[in-house]
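Chemist: Please see the structure below; I have some questions.
The values are calculated or read from the model by the stated rules, or taken from the named source; none is laboratory data. Quick caveat, the model's predicted, so the values are computed rather than measured. Cβ placement follows ideal geometry from the backbone for every residue including glycine, while neighbour counts extend to all protein chains displayed.
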Amino acid sequence: MSIERVFVAGAGLMGHGIGQVHAAIGKHVTLYEPELARAQAGRERILANLERSVQKGRLDSDHRDAIIGRVLATDDLDLVRSADLVVEAVFEDPRVKRELWARLDERARPETLFASNTSSISIDELAEAVGAARRGQFVGMHFFSPVPVMPLVELIRGSATTDATEAAIRALTEELGKKLIVSADRPGFIVNRILMPMLAEAMRILEEGSATADDIDTGAKVGLNHPMGPLELADFIGLDVCLNVMQVLYDGIGEEHYPPPKVLVDLVGAGHLGQKTGRGFHTYPRG
């Protein structure tokens, strides 16, 4: 099927980026939040991103205006009725996601595709929120942050996902100019199944006092040629997000090396979530 109208549920860090990349290839994007001010803030972030591209000579002002002109901010869930694809990008909480999907399923056209940007939650678990007739059109479409920059999309097939749904998402990903990888519906999928145990082991090295955070990160950057150290990367992702994904992995796989490290649990409990709060494993200047 042809996808021309995309409804993005969630206008935060991931949602506004997902909206931006679709608008940039000519799709009409509806950016939804239950509070209009938050949807408008997401649209303003897209405009700010585009303006930086203009200033750097990567985009001209006519293209900027055309792209932002294809993005509508709304608090009206009924606008999903015109969508060919819904991409959900709300907080990684299964209850929150299922409640939203149930409401979207009541309103969307029968042929509309549903895609969750979840980074770790089971697609089958989320698809239980929609009617049986919709489940073949339900899929995971996991983007990476920042969405306009990162070239990868992880497609996760649920047990009911059809080949036609995969083909439609695959074609859209090609339009977006991104690389697609396909995962079965297993905890953490592909990337986070690899990444989170590595981050957790770095946290355990710090926790046991074997090395400083700076030396752990330097070891990965210089010794492993990683662009960011593991603790720095965890701060960038958000320590609350890391904790959620690690807990999903532990609950789903249950092996002894999967529990979230205590140092991570303690930092999140204290409200130190990384770059977005100014403090995590490292500290960051505000503003």
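Chemist: Has the stretch 144-161 got at least one residue that is small (Gly, Ala, Ser) and in contact (Cβ under 8 Å) with a residue 60 or more places away in the chain?
Modeler: yes
Chemist: I would also like to ask the following. Could you run through the stretch 129-162 and say how many residues are touching a Gly at 6+ places or on another chain (Cβ under 8 Å) and assigned to a strand (DSSP E or B)?
Modeler: Residues meeting the conditions: 8.
Chemist: Of the residues in the stretch 17-55, how many are closer than 24 Å to Lys97 by Cα, surrounded by 14 or more Cβ atoms within 10 Å (Cβ to Cβ) and free of Cβ contacts under 8 Å to residues at least 40 places away in the same chain?
Modeler: 8
Chemist: Going through Ala168, Ala200 one at a time, which residue ends up being at pLDDT 95 or above, under 17 Å from Leu152 (Cα atoms) and small (Gly, Ala, Ser)?
Modeler: Result of the check over Ala168, Ala200: Ala168.
Chemist: Hey, can you tell me all the residues within the stretch 83-104 that are touching a residue at least 60 places away in the same chain (Cβ under 8 Å) and not in a loop (DSSP other than H, G, I, E, B)?
Modeler: Leu85, Val86, Val87, Glu88, Leu100, Leu104
Chemist: Just give me the residues in the stretch 84-101 being farther than 16 Å from His142 by Cα and either touching a Gly at 6+ places or on another chain (Cβ under 9 Å) or polar (S, T, N, Q) (or both), in sequence order.
Modeler: Of everything in the stretch 84-101, just one residue is farther than 16 Å from His142 by Cα and either touching a Gly at 6+ places or on another chain (Cβ under 9 Å) or polar (S, T, N, Q) (or both), namely Leu100.
Chemist: For Ser159, all conditions in the list (1) surrounded by fewer than 18 Cβ atoms within 10 Å (Cβ to Cβ); (2) hydroxyl-bearing (Ser, Thr, Tyr); (3) within 18 Å of Gly10 (Cβ to Cβ) hold save one; what is the number of the exception?
Modeler: Of everything listed in (1) surrounded by fewer than 18 Cβ atoms within 10 Å (Cβ to Cβ); (2) hydroxyl-bearing (Ser, Thr, Tyr); (3) within 18 Å of Gly10 (Cβ to Cβ), Ser159 misses just condition (3).
Chemist: Select from the stretch 113-127 the residues that are in a loop (DSSP other than H, G, I, E, B) and farther than 16 Å from Leu249 by Cβ and list them in ascending order.
Modeler: Across the stretch 113-127, the qualifying residue is only Asn117.
Chemist: Then there is this: Which helices (runs of 4 or more DSSP H) sit wholly inside the stretch 186-287 and have at least 1 residues that are surrounded by fewer than 17 Cβ atoms within 10 Å (Cβ to Cβ) and more than 17 Å from the chain's Cα centre (by Cα)?
Modeler: The helices (runs of 4 or more DSSP H) meeting that bar are 191-207, 213-218, 239-253, 262-269.
Chemist: Please determine, by comparing only the residues of the stretch 52-78 that are more than 19 Å from Gln20 (Cα to Cα) and assigned to a helix (DSSP H, G or I), which one is nearest to the chain's Cα centre (by Cα).
Modeler: The qualifying residue nearest to the chain's Cα centre (by Cα) is Leu77.
Chemist: OK, next. Based on what the data block shows, is Leu180 in contact with a strand residue (DSSP E or B) (Cβ under 9 Å, 6 or more places away or on another chain) and part of a helix (DSSP H, G or I)?
Modeler: Judged against the criteria, Leu180 is not a match.
Chemist: Also, I was wondering about something else. Out of the residues in the stretch 1-42 that are among the polar types (S, T, N, Q) and either outside any helix (DSSP H, G or I) or not assigned by TED's automatic domain parsing to the domain that holds Arg64 (or both), which is farthest from the chain's Cα centre (by Cα)?
Modeler: Ser2
Chemist: Restricting attention to the stretch 210-234, which residues are acidic (Asp, Glu) and closer than 16 Å to Leu195 by Cβ?
Modeler: The answer is Asp217, Glu232.
Chemist: Could you tell me which residue of the stretch 79-121 is farthest from the chain's Cα centre (by Cα), considering only residues that are small (Gly, Ala, Ser) and surrounded by fewer than 21 Cβ atoms within 10 Å (Cβ to Cβ)?
Modeler: Ser82
Chemist: Let me ask something else. Answer yes if at least one residue in the stretch 216-235 is of a type in the set (Gly, Ala, Ser), farther than 15 Å from Phe281 by Cβ and touching a Gly at 6+ places or on another chain (Cβ under 8 Å), and no otherwise.
Modeler: Looking for residues that are of a type in the set (Gly, Ala, Ser), farther than 15 Å from Phe281 by Cβ and touching a Gly at 6+ places or on another chain (Cβ under 8 Å), one finds none in the stretch 216-235, hence no.
Chemist: Right, Arg58: assigned by TED's automatic domain parsing to the domain that holds Gly136, surrounded by fewer than 22 Cβ atoms within 10 Å (Cβ to Cβ), among the charged types (D, E, K, R) and in contact (Cβ under 8 Å) with a residue 12 or more places away in the chain or not?
Modeler: No: the conditions fail for Arg58.
Chemist: Assuming Glu166 fulfils every condition listed in (1) surrounded by fewer than 18 Cβ atoms within 10 Å (Cβ to Cβ); (2) in a loop (DSSP other than H, G, I, E, B) apart from one, which condition is it?
Modeler: Among (1) surrounded by fewer than 18 Cβ atoms within 10 Å (Cβ to Cβ); (2) in a loop (DSSP other than H, G, I, E, B), the lone unmet condition for Glu166 is (2).
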